[in-house]
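Engineer: To start, I am sharing the structure in question, which I have written as structure tokens.
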Amino acid sequence: MMIFSKALASFGVGAATVDTVLDHDTYTAGDLVQGDIHIKGGNVEQRIDAIYLSLHINFTNKSGDKEYEDTATIFQKKITEPFSIQAGEEKSLLFSFNLPYDAPATVGRTRAWLNTGLDIKHAVDPSDKDAVAIRPTRLAGAVIDAVKNLGFRLREVECEKAGLRMNTRHSFVQEYEFVPTTGPFRGYLDELEVVFVNQTSHKVEVLFQVDRKARGFTSFLSEAFDMDESYVGLTFTEQDLPTLQEDLRRLIQDYL
């Protein structure tokens, strides 16, 4: 009977289970995340080689002309060394880690989740999945607010596959798409795209794409061949916050 139970456990029937409980459901990128991992033994004793936590993000990937949804792992941590859990035994393990500063905000189409996995040899690995809401860092949030204060409305946010020339840590970047609805740039721009390329605790690297509105036949031709788009990369620190909005206004104005 014991051999039969072990065989079932290797297929996930009557095996150990795992449930992760986070201290909060919403965090700011860079925050300390804490929680408990609850493990309950199944019908037989099992040896758990390790417990892993990993943070995942969905993004739009491309293959040729086709787009499809993909997943990227932006953080992984081993929680324990090997141990055994007896049948019916319950264990609780505390953990903590800092969210990466470059974790994208969960706005628009972007979703994030924490996966907890038990590594058990020759068996189906039990796992648990918890949704995590992430707010942008103070610097990234300041950039977004400054753009909005210049009369732009946020139209779409999406994580997309990073270009080959983008020097980013991940395989994707998060892109914010704005359209001017009021203010000095209404009627002069089609849209403004803001891409957060890299972030740390003290700086944020941003790529701006200024898409000018077609005005006249020459501008129409430029738009048709994407010549109406300009790209500029900037790095902001805490010292830039007092003049951030005015700096962005001048930047956009220079590319009209």
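Engineer: Report every pair of residues separated by at least 6 positions or lying on different chains whose Cβ atoms are under 7 Å apart, first residue within the stretch 59-78 and within 30 Å of residue 34 (Cβ to Cβ), second part of a loop (DSSP other than H, G, I, E, B).
Structural biologist: Taking only residues 6 or more apart or on different chains, the pairs are 72/170; 72/171; 74/100; 74/103; 74/170; 75/100.
Engineer: Criterion first (closer than 27 Å to residue 109 by Cβ, modelled with pLDDT under 95, in a loop (DSSP other than H, G, I, E, B) and touching a strand residue (DSSP E or B) at 6+ places or on another chain (Cβ under 6 Å)) does residue 186 satisfy it? Please lay out each step first, then the result.
Structural biologist: On the way: closer than 27 Å to residue 109 by Cβ: yes; modelled with pLDDT under 95: yes; in a loop (DSSP other than H, G, I, E, B): yes; touching a strand residue (DSSP E or B) at 6+ places or on another chain (Cβ under 6 Å): yes.
It is true that residue 186 is closer than 27 Å to residue 109 by Cβ, modelled with pLDDT under 95, in a loop (DSSP other than H, G, I, E, B) and touching a strand residue (DSSP E or B) at 6+ places or on another chain (Cβ under 6 Å).
Engineer: Where the second residue is outside any strand (DSSP E or B) and at pLDDT below 95 and the first is on the phi > 0 side of the Ramachandran plot and surrounded by 17 or more Cβ atoms within 10 Å (Cβ to Cβ) and lies in the stretch 26-53, which pairs have Cβ atoms under 7 Å and are six or more apart or on separate chains?
Structural biologist: Close Cβ pairs (under 7 Å, with a partner that is outside any strand (DSSP E or B) and at pLDDT below 95) amount to 30/201.
Engineer: Condition (residue is modelled with pLDDT under 80, among the hydroxyl-bearing types (Ser, Thr, Tyr) and assigned to a helix (DSSP H, G or I)) applied to the stretch 220-235: is it met by at least one residue? Don't jump to the end; show me each part of the working.
Structural biologist: Going residue by residue through the stretch 220-235, those that are modelled with pLDDT under 80 are 220-229.
Then drop every residue that is not among the hydroxyl-bearing types (Ser, Thr, Tyr), which leaves 222.
Cutting the leftovers down to assigned to a helix (DSSP H, G or I) gives us 222.
Checked the stretch 220-235: at least one residue is modelled with pLDDT under 80, among the hydroxyl-bearing types (Ser, Thr, Tyr) and assigned to a helix (DSSP H, G or I).
Engineer: Search the stretch 158-185 for residues being in contact with a Lys or Arg (Cβ under 7 Å, 6 or more places away or on another chain) and either under 21 Å from residue 57 (Cβ atoms) or among the polar types (S, T, N, Q) (or both), and hand back the single one that is least open to solvent (accessible area, probe 1.4 Å).
Structural biologist: 172
Engineer: Here is a follow-up. Confirm whether residue 144 is at pLDDT 95 or above, part of a strand (DSSP E or B) and crowded, with 17+ Cβ neighbours inside 10 Å.
Structural biologist: Details: at pLDDT 95 or above: yes; part of a strand (DSSP E or B): no; crowded, with 17+ Cβ neighbours inside 10 Å: yes.
No, not satisfied.
Engineer: Quick check, is residue 15 of a type in the set (A, V, I, L, M, F, W, C) and either surrounded by fewer than 20 Cβ atoms within 10 Å (Cβ to Cβ) or under 14 Å from the mean Cα position of the chain (by Cα) (or both)?
Structural biologist: Judged against the criteria, residue 15 is not a match.
Engineer: Taking the stretch 132-141, which residues are surrounded by fewer than 20 Cβ atoms within 10 Å (Cβ to Cβ) and in a strand (DSSP E or B)?
Structural biologist: Selection gives 133, 135.
Engineer: While we're on this one: Being open to solvent by 40 Å² or more (accessible area, probe 1.4 Å), in a strand (DSSP E or B), of a type in the set (Asp, Glu) and under 19 Å from residue 56 (Cβ atoms) is the filter here; which residues of the stretch 80-131 pass it?
Structural biologist: Matches in the stretch 80-131: 119 only.
Engineer: Right, next: Hey, could you check the stretch 54-67 for residues that are open to solvent by 100 Å² or more (accessible area, probe 1.4 Å) and assigned to a strand (DSSP E or B) and say which is modelled with the highest pLDDT? Spell out the reasoning first.
Structural biologist: Filtering the stretch 54-67 down to residues open to solvent by 100 Å² or more (accessible area, probe 1.4 Å) leaves 62, 65-67.
In the following step, the residues that additionally are assigned to a strand (DSSP E or B) were identified as 62, 66-67.
Working: 62: 85, 66: 87, 67: 90.
Ranking the qualifying residues of the stretch 54-67, first place goes to 67.
Engineer: I would also like to ask the following. For the condition touching a Pro at 6+ places or on another chain (Cβ under 9 Å) and without any contact (Cβ under 8 Å) to a residue 60 or more places away in the chain, what is the one hit in 141, 163, 183, 151?
Structural biologist: Details: 141 fails: touching a Pro at 6+ places or on another chain (Cβ under 9 Å); 163 fails: touching a Pro at 6+ places or on another chain (Cβ under 9 Å); 183 fails: touching a Pro at 6+ places or on another chain (Cβ under 9 Å).
Exactly one of 141, 163, 183, 151 is touching a Pro at 6+ places or on another chain (Cβ under 9 Å) and without any contact (Cβ under 8 Å) to a residue 60 or more places away in the chain, namely 151.
Engineer: Which number in (1) surrounded by 16 or more Cβ atoms within 10 Å (Cβ to Cβ); (2) closer than 21 Å to residue 57 by Cα marks the one condition that residue 71 misses?
Structural biologist: Condition not satisfied by residue 71: (1).
The values are calculated or read from the model by the stated rules, or taken from the named source; none is laboratory data. Given the structure is predicted, the values throughout are model-derived calculations rather than measurements. Cβ atoms come from the backbone with ideal geometry, glycine included; neighbour counts cover every protein chain shown. Quick note on the areas: whole protein, heavy atoms, side chains included, nothing else; ligands and nucleic acids left out. Shrake-Rupley method; radii C 1.70, N 1.55, O 1.52, S 1.80 Å.
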